[in-house]
Structure formats: C-alpha cells, structure tokens
Amino acid sequence: MKNLFRCCCFIVALGILAAMVVLARHALATPFAADQSASDLAPGSAQLINPEELFNILQSPKGEKPLILNVGPSLLYMQAHIPGSEYIGAGSDSQGIESLRRRVKPLPHNKFIVLYCGCCPWSHCPNVRPAYNELHKAGFTNVKVLYIADNFGTDWVYKGYPTIKGQ
Amino acid sequence: MRKSVLLVVVIILVFGIYRVGWRSSGRAKTGGPPAAVHSVAPGFSLQDLNGQPLDLANYRGKVVLLDFWATWCTPCRGEIPHFVEFQDKYREQGLQVIGISMDDGPKPVREFYQQFKMNYPVALGNEKVAQAYGGILGLPITFLISRDGRVAAKYVGEVQMPTLEQAIESQLQAK
C-alpha cells in the first residue's frame, strides 16, 4: 500500500514536470516573450478575437461595430482585406506606428478597435504585437487583435469570410 | 510486476503530454488552400534588384523554385539559407531559384540580399503577380515548377526542407 502511494506521488510529480517543460518550451517559442503586454497575445488570451466572432459582430444588426485597422504589409492588404478596414501600415515599422498614433489620436480611449495583420503564422507575426502595445500604452481599453493562426488567406479568405480588394 | 506496469503508464503519460505540447507549440504548417498543381505556372516579367529583366519564360527547361517571401517574415528568413544551398547544390542539374519579395520597397531587400549572400535573382512582387499565383495572402509561399513550366507543388507556410529537397530531386530527374 505504501509502495502504491509512493508510485502515485511519483506519477503526479512526473506529470507536473512534463507540463512545466511544455509550458517553458511554449514560452521560449513565442517571440517577444520578455515583453509582458505582448506575451498577453498568446492564443486563447482575452485580448484576441477569433475570425468567427468578428464576422458575427460585423453581421449583427446590433452592437457597436469596431474600427478595424490593418497593421500588415500593403501588398497583402491590396490583394484582400476585411471590408471597412483601414490600412495603417506595418506595425513593425516606425512609420506604421506613427500612422497608427495619428489615426487613433482623436478617438475616445474606450473605442472598440480591432487590429489585424495575417502576414505569417501567429507566433511569427512582427506587426500585431507592436501595434497592440502602442494602443495599450496610449490608454486604449477596448482593443482586440484578430487571431489569425496561419495567415489571412487560410484563416479568413478561404473560410469564406467577406473580403474586398484594393486600397 | 506492479512497479513495471506503473513505470510503463508513467512513460506513456509523459510522452503523451510532450506530444500534445509539441503540436500546440505554434510550428508553422504546410498546407493551406488547394494548390493549382499541374496547371501552367503563370508567366511574369519583372525587374530584379539590379534592374535586369526577370522573366519566368526564360527559365523554361529548368526546374524553378519560386519563393514568395519578405524580409520581415521570420519563417522566410529561416528558409532562405536552404534555398541558397539548393541553388549551389543543384545548379548544374538545372535548378533555378527565384525570389519574389513582398516587401513594400527595395531597400530592405537589397540589404537582406547582401547579408544572406543570396545567389539567385530576386524581384519585388506586385499585386498582379500575386493574384496570378492565386493570391499571396500570407508568407512564405513556395512553388516548385517543372521543366515544362507546370506547377509541380505549392507549399504554404514554412516548408520542411527534406520534403522539398526530395521534390526538387524528383523534378530534376524527370526529363
């Protein structure tokens, strides 16, 4: 009986250890891990909004519609973007951040804003985190980032959500 | 006996958690929308970074690895040293790598080209070329084009190099 108890403890301890290894790996694999507010953009976090959720909000006749800002590369935006979204510039670029500052300056801090990019797989996107951090720093309290797991084509366009082309 | 059984259970448990963690750790995937495989690769005429004409039609008879990439794209940066290596390794057998950058301007591309000692032509892409290839709505996207100018494979996301190399060799062997 005593041995069985020891074995159970051993199993639990190993399980915890394995879970810690997995979490550590995940943290190391996420860029900007040292930046607290950026690391909040981990999949599943409250700052994110899924494509389906955003689509439902846009379709619904009720509720506040967000200001949708694209902070990705212009060539991707020109090929396809969310109707009603505005092109700001790449969030990884100082000019893009400056343009974002200018765009949101006149807005109330509780304005519902959705940022998106979709240039590359989520953990590699260089644009959404700096853009989110900028709005967070500026005091905006109702900002969501569209969670695009792989890219805008796979997670939005080819799933049949609406898009338009051009500037 | 009971200890042995428990040990096996522990090993299975630890391995299971490890695999789940590996799958969810955000590795880039290949796949994506249906590729226009076997269709004729759309032609394009661009200018490379040195101002020289870069016309896909001029590479008919070669196996072309056409890479849509950008300097800010982390998975692309990981792939390019391999493409440089492939270009050297398979040049004599008829491989031609071509890069089409989706950057907004040439300056970072020129710097990147020098830094990564790229040994194949690179041009700035545009909306027309992107649309011709079914829309480049995420990076990287890589096409393997056969000697007769058909799309042999399309890779969306960071490609697994052993898979790609095998496909290149297979295309090079096809006459």
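The values are calculated or read from the model by the stated rules, or taken from the named source; none is laboratory data. Here the structure is a predicted model, which means the values were calculated and not measured. Note that we place each Cβ from the backbone using ideal geometry, even for glycine, and neighbour counts take in every protein chain shown.
Just a few scattered comments:
- Residue check for A:PRO43: under 15 Å from A:CYS125 (Cβ atoms), at pLDDT 90 or above and surrounded by fewer than 15 Cβ atoms within 10 Å (Cβ to Cβ): yes
- Helices (runs of 4 or more DSSP H) (entirely within region A:84-167) containing at least 1 residues that are more than 9 Å from chain B (Cβ to nearest Cβ), within 11 Å of the chain's Cα centre (by Cα) and of a type in the set (A, V, I, L, M, F, W, C): A:128-137
- Of everything in region A:66-83 that is more than 9 Å from chain B (Cβ to nearest Cβ) and in a loop (DSSP other than H, G, I, E, B), the residue that is nearest to A:GLU134 (Cα to Cα) is A:VAL71.
- The single condition from (1) within 14 Å of another protein chain (Cβ to nearest Cβ); (2) surrounded by fewer than 17 Cβ atoms within 10 Å (Cβ to Cβ); (3) in a helix (DSSP H, G or I) that A:ASN56 fails is (1).
- Taking first residues from region A:39-60 that are closer than 13 Å to A:VAL114 by Cβ and partners that are of a type in the set (Asp, Glu), the Cβ contacts under 6 Å between residues at least 6 apart in sequence or on separate chains come to A:GLN47/A:ASP40; A:PRO51/A:ASP155.
- Residue match in region A:82-92 (condition: more than 20 Å from A:LYS165 (Cα to Cα) and either surrounded by 13 or more Cβ atoms within 10 Å (Cβ to Cβ) or free of Cβ contacts under 8 Å to residues at least 24 places away in the same chain (or both)): yes
- In region B:26-51, the residues that are among the polar types (S, T, N, Q) and at pLDDT below 95: B:THR30, B:SER39, B:ASN50
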